[in-house]
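Notes to accompany the following structure.
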Amino acid sequence: MESLPFFNQLLQFIVTGLTIGAIYAMVAIGFNIIYNVTEIINLAQGEFVMLGGLVMVTVHVMWGVPLPLAFGLTVLGVTLVGVLLDRLAIRPIRKPSVMTLIIATVAASIIIKGVAMLIWGKSPYDLPAFSGRTPIDLGGVIIQPQYLWVVGFLVVVAIGLTWFFNRTIYGKAMSACADNPDAARLVGINVRHMVLLSFALSAAIGAVAGLTLTPIALMDYDRGAMLAIKGFGAAILGGLGSFPGAILGGLVLGLIEALSAGLLSSGYKDAYALIILLAVLFIRPSGILGNLEVTRFKRF
Amino acid sequence: MLEIEKLSAGYGPIPAIREISLAVPEGRVVSIIGANGAGKSTLLKAVSGLNRNKSGRILFHGQSISNLPAHRIVGLGLSQVAEGRQIFAHMTVADNIQLGAYLYYRRRHRAEIDQRMDQVYAMFPILAKRAKQIAGSLSGGEQQMLAIGRALMTRPKLLLLDEPSMGLAPIVVQEILRTIETLNGMGMTILLVEQNARAALQIADFAYVLETGQVVLEGPAAKLLNDPKVKAAYLGG
Ligand SMILES: Nc1ncnc2c1ncn2[C@@H]1O[C@H](COP(=O)(O)OP(=O)(O)OP(=O)(O)O)[C@@H](O)[C@H]1O
Ligand SMILES: [Mg+2]
């Protein structure tokens, strides 16, 4: 009976890892959507997640709006921030190079963080779990109901995006912009609209990640940067631009973090993730599912 | 149908084409021939709105399109098949063709879209066979057909073709030329840019010769075919 608790513990770490990994995966998907259309790494991606959590706290907890409606309002609100990011920080740049645009997203992330601090202060906020906090006991492995929500939303986002990019004309138009922007213009696609749409979509997915994460890990104004780094790591790990890669990369990163924190030392969990990331990139520069030709930064 | 007056355009302070004036009358095939770097593609990019660093007047159906962005110009019925095919290489053949209908892709246009697709597939049966294939995996000639097919989906009245024969085997070049003639026979107006002067002059009504960004010669295609200067420079003596 000595090995069973260890095995259970291991499973427990895996469950936690997959949950946090699902969050990283959603952040990574957000990176990829914008990257695919514009080649920009939107370093404000983490702020969308932070805003998703904090706006939800305001709408649901402070204003008392019921959960489904609060969910919708929060996603809508953060989507609007994504739209504003494109309109105010990206589009006005007159001679855009990918590098200046990325720096613009850094500036925007600092501003968003500052405004969030003014609105919500520095203390972390909690959010009621969507279906309570009574743990589900699966043969010794404890699963928080909120974990299922997180993983469930990753599945919904993945299916939704697959449908959007493969079945709708706007999704195909977005892929077309990523594929060949001039050719896209020549069939009448307004590339600027597609860039705007990519920011809106990324913001919406970031918001979903943030508001599902908050009941598990709380949320404060300062969390965006770390989430962005982890999400970006996941995107790179899976292969920048690849959606299956983002999901795989996110889950792998989450697992490494949870297992190393549980089995080795929790103080270094971020470092372990980074080391594995570097190791993978050393062996496969294009990421696990990436394609070197596609992944190469074309305009740096 | 298309009138260009004193059009200059380029990529920096020095224009790549200077004060070009030309006209494409409705129902005709007009050709522009010229060597590498003469400015042929720059001219078409300026007309299509891809190049916006330009001055001069471009009238389409009497309406100025000089200041319109590319995606608006397509909607007026001016479509370009760009140099080097420029398909959506990572998407399927069917998606490429479908995206040609992007501007009017609504449920109420379903019948028209289907009918146009059928026309494209009838014109290029090989595309129907390859519909589910990734476009980047097509042969050069098939990719050119796809690029033309996609342009036809945009409801063009004027079709600009930038070196459709580039890099293709002679037999495929002939096939593309026949397609252009067929389209013209169906009423499509065509502006054809070619380095392959012999091919272009065969099917054109009227032609312009471009050298270092300027029109140096113009006239009926049959006349240019026998012009000694054209013969020496573009038809291999
Ligand atoms: N994107 C660009 N940036 C800067 N200069 C360019 C660009 N594209 C073309 N040029 C320059 O503009 C001039 C005209 O080029 P253009 O592509 O219009 O020639 P072309 O007649 O189409 O040649 P080809 O037959 O080789 O296609 C050339 O001197 C070329 O170097
Ligand atoms: Mg050219």
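Between chains A and B, what is the buried accessible area summed over both chains (1.4 Å probe, protein heavy atoms, nearest 100 Å²)?
Using a 1.4 Å probe on protein heavy atoms, the buried area is about 1900 Å².
Roll a 1.4 Å probe over the protein chains and send me the accessible area per residue for the protein assembly as shown in Å².
Dividing the accessible area of the protein assembly as shown by its residue count gives 44 Å².
Computed over the Cα atoms, what is the radius of gyration of chain A divided by 2.2 N^0.38 Å, N being its residue count?
That works out to 1.00 for chain A.
Ignoring ligands, DNA and RNA, please state the percent of accessible area on segment A:11-297 from carbon and sulfur, probe 1.4 Å.
Its accessible area is 72 percent carbon and sulfur atoms.
Tell me, what is the Rg over Rh of the protein assembly as shown, with Rh the Kirkwood radius over Cα pairs?
Numbers: Rg = 28.0 Å, Rh = 25.9 Å.
Using Cα coordinates only, the ratio equals 1.08.
Are there residues in segment A:173-199 whose accessible area shrinks by at least 20 Å² when all protein chains are included rather than the chain by itself, and which are they (probe 1.4 Å, ligands and nucleic acids not counted)?
A:ALA176, A:ASP179, A:ASN180, A:ASP182, A:ALA183, A:ARG185, A:LEU186, A:VAL187, A:GLY188, A:ILE189, A:ASN190
Under a crude label model (7 Å from the Cα following the beta-carbon direction), how far is A:HIS193 from A:LEU278 in nanometres?
Going by the 7 Å Cα→Cβ label model, 4.6 nm.
With everything on Cα atoms, drop me the angle between helix A:67-84 and the longest principal axis of chain A, reported from 0 to 90° to the nearest 10.
That helix lies at roughly 40 degrees to the long axis.
For chain B, what are Rg and Dmax over the alpha carbons, in angstrom?
Calculated on Cα positions, Rg and Dmax stand at 17.4, 56 Å.
Determine the share of chain B's accessible area contributed by carbon and sulfur atoms, expressed in whole percent, with a 1.4 angstrom probe.
Taking all protein chains in place, chain B shows 51 percent carbon and sulfur surface.
Quick query: amide H of A:ILE288 versus all other amide H atoms, modeled in the peptide plane; which residues come in under 5 Å with a sequence gap of 5 or more or a different chain?
A:GLY238, A:GLY239
Name the long-range amide H neighbours of B:LEU217: under 5 Å, sequence gap of 5 or more, or other chain; modelled H, no Pro or chain starts.
B:VAL209
What do you get for the angle between helix A:45-56 and the principal long axis of chain A? Use alpha-carbon atoms, 0 to 90 degrees, nearest ten.
Roughly 60 degrees between the two axes.
Which ³J(HN,Hα) values in Hz, rounded to whole numbers, follow from the phi angles of segment A:241-255 under the Karplus curve 6.51 cos²θ - 1.76 cosθ + 1.60, where θ = phi - 60° and Gly and Pro get x?
x, 8, 6, x, x, 4, 5, 4, x, x, 5, 4, 4, x, 5
Residue-wise, which Karplus ³J(HN,Hα) couplings in Hz belong to segment B:72-86, taking 6.51 cos²θ - 1.76 cosθ + 1.60, θ = phi - 60°, and x for glycine or proline?
Taking θ as phi minus 60°, the curve returns 7, 5, 4, x, 7, x, 10, 10, 10, 9, 6, 4, x, 6, 6 Hz for segment B:72-86.
Among A:LEU161, A:LEU88, A:ALA235, pick out the residue whose Cα is farthest towards the positive end of the charge dipole of segment A:11-297, where Lys and Arg carry +1 and Asp and Glu carry -1 on C-beta, about the Cα centre.
Most positive-ward Cα: A:LEU88.
Which whole number gives the average count of other chain Cβ atoms within 10 Å of the Cβ atoms across peptide B:87-97?
Across B:87-97, the average partner-chain Cβ count within 10 Å equals 4.
Within 10 Å of each Cβ of B:72-80, how many other protein chain Cβ atoms are there on average?
2
With a 10 Å radius around each residue's Cβ, average the other Cβ atoms per peptide and rank A:38-46, B:209-217, A:133-141, B:19-27, highest first. Spell out each step's value before the answer.
On the way: A:38-46: 25.1, B:209-217: 17.9, A:133-141: 11.0, B:19-27: 16.3.
For the peptides A:38-46, B:209-217, A:133-141, B:19-27, the packing ranking is A:38-46, B:209-217, B:19-27, A:133-141.
Can you give the helix-only mean residue ellipticity at 222 nm for the protein assembly as shown, where every DSSP H stretch with n ≥ 4 adds -39500 (n - 2.57) and the sum goes over all residues, rounded to the nearest 500 deg cm²/dmol? Don't jump to the answer; show the numbers that get you there.
Details: 22 runs with 301 residues, N = 537.
After summing the helix terms and dividing by residue count, I get -18000 deg cm²/dmol.
In degrees from 0 to 90, rounded to the nearest 10, what is the angle of the helix B:140-153 Cα long axis to the longest principal axis of chain B?
The angle comes out near 80 degrees.
Please report the net charge: other residues with Cβ closer than 13 Å to the Cβ of B:SER21, K and R +1, D and E -1.
That works out to -1.
Which residues of segment B:99-146 show a drop of at least 50 Å² in accessible area when all protein chains are present, compared with their chain alone (probe radius 1.4 Å, heavy atoms only, ligands and nucleic acids excluded)?
B:LEU99, B:TYR102
The values are calculated or read from the model by the stated rules, or taken from the named source; none is laboratory data. None of these values were measured; they are calculated from a predicted model. No Cβ is skipped: glycine too gets one built from the backbone with ideal geometry, and neighbour counts run over all protein chains shown. Heads up: the accessible areas ignore ligands, DNA and RNA and are worked out on the full protein's heavy atoms, side chains in. Shrake-Rupley method; radii C 1.70, N 1.55, O 1.52, S 1.80 Å.
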